[in-house]
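Everything below concerns the one structure shown next.
The values are calculated or read from the model by the stated rules, or taken from the named source; none is laboratory data. Everything numeric here is computed off the predicted structure, so don't read it as measured data. Here Cβ is always computed from backbone atoms with ideal geometry, including for glycine, and neighbour counts include all displayed protein chains. Side chains included, ligands, DNA and RNA excluded: accessible areas come from the protein's heavy atoms. Shrake-Rupley method; radii C 1.70, N 1.55, O 1.52, S 1.80 Å.
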Amino acid sequence: MKNKQLPRALRGFSTVELIITATILTIVTGLGLMGITRAKASIRLSGSAREFASYIEKARVYSIRRHADEASKRANVAINDDKTSYNVSMDLDGDGGMDTRTINLPSGIKFETVETIAFDWRGRTWNTAGGTTEPNAQVSITLKYGTDAVSIDVTGSGDITIDSKVFDDEVPQVHLNVGDLAAGATPVPTPDPTTAAPTPDPTGGTTPVDGTNPTPTPTPASTPVSTPTPTPTPTSTPKPTPTPKPTPTPTPTPEVCSITTSPSSLSLTLLGTGTIKVSHSSSSSVSISATSSKSSDLQVTPTSAQTVKAGGSATFTLKSKKAIGIYSVTFTAPCGSKTVPVVVIL
């Protein structure tokens, strides 16, 4: 009773007020620690991506400088099966021989796929994934830490970007054939050096000084013109009767087949990947290619056409970027096509 009668400034804090204050401080401290932890993880993830991209750039420069025209001489960066480390193969100590060094990722960070990227003497990519090697391939490698992800993108010509949404077109193989220009040149004709002789003037003469008339020069008689002998009219040669052209054999109608996909539709998360198995009903081998409705947001690999035998199948890998939406992938063969809807969600 005496404490309640004291003024507010002298009574102090109640137990409920102290509990509320302590709870608020605990919540604020916990949120701060969570933010710091996530910031550290993001820094480690970005640093790992930059380090991995720098080794890819070093491998490309090494292959260009050493003119690596054979597979054994190409520098490469290979992701290990555990997805937590990768091997770098190039001359690392400067002795001229190939060295291999294993780089371990920080704890909690791992790759999404297992693949190897190498470079030839022109700096173009050779990508190996799932036992298949593809030249001039567009490569997108993803590093993940929990729900955070960073992608390292390499175009077919060797350009490297981090967290880019751009997928450049495939770089074609260029072959130059230079012919002998001198052999095909048209010669310039040389003019005829023969000059025409001058015609003398027949009217020239001098007048006598003593006034006597000169003896006129007789005019020569004209030479008679001979009558030309008429040319006989040639007898016309009879025209041969043309041989009738054979009736062309009609081209057989191309076989129609159906394209089957498994699954028939696909749902992906941001920066997620998925596979679609494609087969056909033809009785012979068929070449099947895949085309994305928007390659900047949905990448399809391999980019080249796949030959599928009768009763066989081919597997295509789809990878989404940082954009949600509804897309599609069309699988095309000479005898038919099939479109598969793809939905990218959070």
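Listing for the model above:
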| item | result |
| --- | --- |
| Selected residue (only one of Lys309, Lys321, Lys277, Lys294 is open to solvent by 60 Å² or more (accessible area, probe 1.4 Å), among the charged types (D, E, K, R) and out of contact with any strand residue (DSSP E or B) (no Cβ under 6 Å at 6 or more places or on another chain)) | Lys309 |
| Segment 93-105 residues that are modelled with pLDDT of 85 or more, paired with ones that are exposed (fewer than 10 other Cβ atoms within 10 Å of the Cβ) (beta carbon under 9 Å, 6 or more apart) | Met98/Ser72; Asp99/Asp93 |
| Neighbours by Cβ (under 8 Å, 6+ apart or cross-chain): first from segment 49-67, farther than 17 Å from Pro106 by Cα and in contact (Cβ under 8 Å) with a residue 60 or more places away in the chain; second open to solvent by 50 Å² or more (accessible area, probe 1.4 Å) and assigned to a helix (DSSP H, G or I) | Ser63/Lys73 |
| Matching helices (runs of 4 or more DSSP H) fully within segment 1-115 where at least 2 residues are within 45 Å of the chain's Cα centre (by Cα) | 15-65 |
| All positions within segment 79-126 that are in contact with a Gly (Cβ under 9 Å, 6 or more places away or on another chain) and of a type outside the set (Val, Ile, Thr) | Asp91, Pro106, Gly108, Glu112, Glu115, Phe119, Arg122, Gly123, Arg124 |
| Condition check for Ser287: farther than 20 Å from Val343 by Cβ, part of a strand (DSSP E or B) and open to solvent by 40 Å² or more (accessible area, probe 1.4 Å) | yes |
